[in-house]
Amino acid sequence: MASTTNPSSGENASEATSSAGGGAQTLLRGLDVIEAVADQTLTATELAERLGLTKSTAHRLASALVDRGFLANTPRSGYRLGPRILALGHRASEQADIIQLARPHLESLGTLTEDTVHLGIMDGDHTAALYLDKITGRRRINISSRVGERHPLTCTGLGKALILDESESWLAERFALDQAAGAPHADAALWQERMRGYAQGGYAFDLEENEDRIRCVSAPIRNASGQIVAAISVSSAAQYMDDTRMAGLRDDVRATAHAISHELGWSGQP
């Protein structure tokens, strides 16, 4: 039996491919609109200018997103994020497991540095750093920290990273409380001066303040709203952590903390 061909089949496939491509492009443009509005409220004209679209296309995309609740429209002001986005953001925040999310980044940092890497958060009453995870280093030294331990905020690198956004009055009070509670003795004026520099640089050091001959470099992790919710640190013996190496590690630790922060929705601004 002679075979027959359908001359329109190739055309249908081409149309389907074209339609799929067009749908993907529309989706990407819609996402561009959401990201633009996330920065500030914009009119259709402003959206068109920012995204390189015609005003009619920008209006059509924004109106569709309003219908689905992803955007809201305020008369004379423009488009802003809608209730659907807020609800999804809340769900994403609830689903984010900081330990599971951070673990691949911690392992990569441990491989890069060969030192011990920690992940920690502020404990429930905001008085100590709580260690959540630990990647053991490859060097012939023992960092005695354990998951579940609590350490003073003001004498550990990880603890300092957790409080970088606090006011100087809050820091002075916390320092005094830690000293009174038995934290290793430190000079208050020098500690405050160092904290100012750490806050400006977005990192913190432990210069053998918590444990003799152990130094560490730390950096904060931020959530979608820019708040510090956790911190990471790289710790090692002082013989592997001279001032030059600590300065070099600073960028690696901050980059890892930023990568974790971006997975939590951080846009890059405190």
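Annotations
- Only one of the numbered conditions (1) farther than 26 Å from Ala102 by Cβ; (2) of a type outside the set (Asp, Glu); (3) part of a strand (DSSP E or B) is not met by Lys134, and that is (1).
- Test: Leu171 is hydrophobic (A, V, I, L, M, F, W, C) and touching a strand residue (DSSP E or B) at 6+ places or on another chain (Cβ under 9 Å): no
- Candidates Ala172, Ala186, filtered to the one that is surrounded by fewer than 20 Cβ atoms within 10 Å (Cβ to Cβ), touching a Cys at 6+ places or on another chain (Cβ under 9 Å) and either of a type in the set (A, V, I, L, M) or not assigned by TED's automatic domain parsing to the domain that holds Ala237 (or both): Ala186
- Qualifying residue in the stretch 193-204 (condition: surrounded by 22 or more Cβ atoms within 10 Å (Cβ to Cβ) and in contact (Cβ under 8 Å) with a residue 40 or more places away in the chain): yes
- A single entry from Asp252, Asp212, Asp187 fulfils the requirement of being acidic (Asp, Glu) and more than 22 Å from Lys134 (Cα to Cα): Asp187.
- Residue selected from the stretch 247-270 under the condition crowded, with 18+ Cβ neighbours inside 10 Å and aliphatic (A, V, I, L, M), by the criterion modelled with the lowest pLDDT: Leu264
- Those strands (runs of 3 or more DSSP E) of the stretch 188-270 in which 1 or more residues are on the phi > 0 side of the Ramachandran plot and not polar (S, T, N, Q) are absent.
- Filter pass, Thr111 being over 30 Å from the mean Cα position of the chain (by Cα), modelled with pLDDT of 90 or more, assigned to a helix (DSSP H, G or I) and among the β-branched types (Val, Ile, Thr): no
- Flag if Leu28 is at pLDDT 90 or above, in the same structural domain as Val217 (by TED's automatic domain parsing), of a type in the set (A, V, I, L, M) and not in a loop (DSSP other than H, G, I, E, B): no
- Residue-level check: of (1) of a type outside the set (S, T, N, Q); (2) exposed (fewer than 15 other Cβ atoms within 10 Å of the Cβ); (3) at pLDDT below 90, Gly52 misses just (3).
The values are calculated or read from the model by the stated rules, or taken from the named source; none is laboratory data. Everything numeric in this text was worked out from a predicted model, so none of it was measured. Methodologically, a virtual Cβ is constructed for each residue, glycine included, from the backbone with ideal geometry; neighbour enumeration extends over all protein chains shown.
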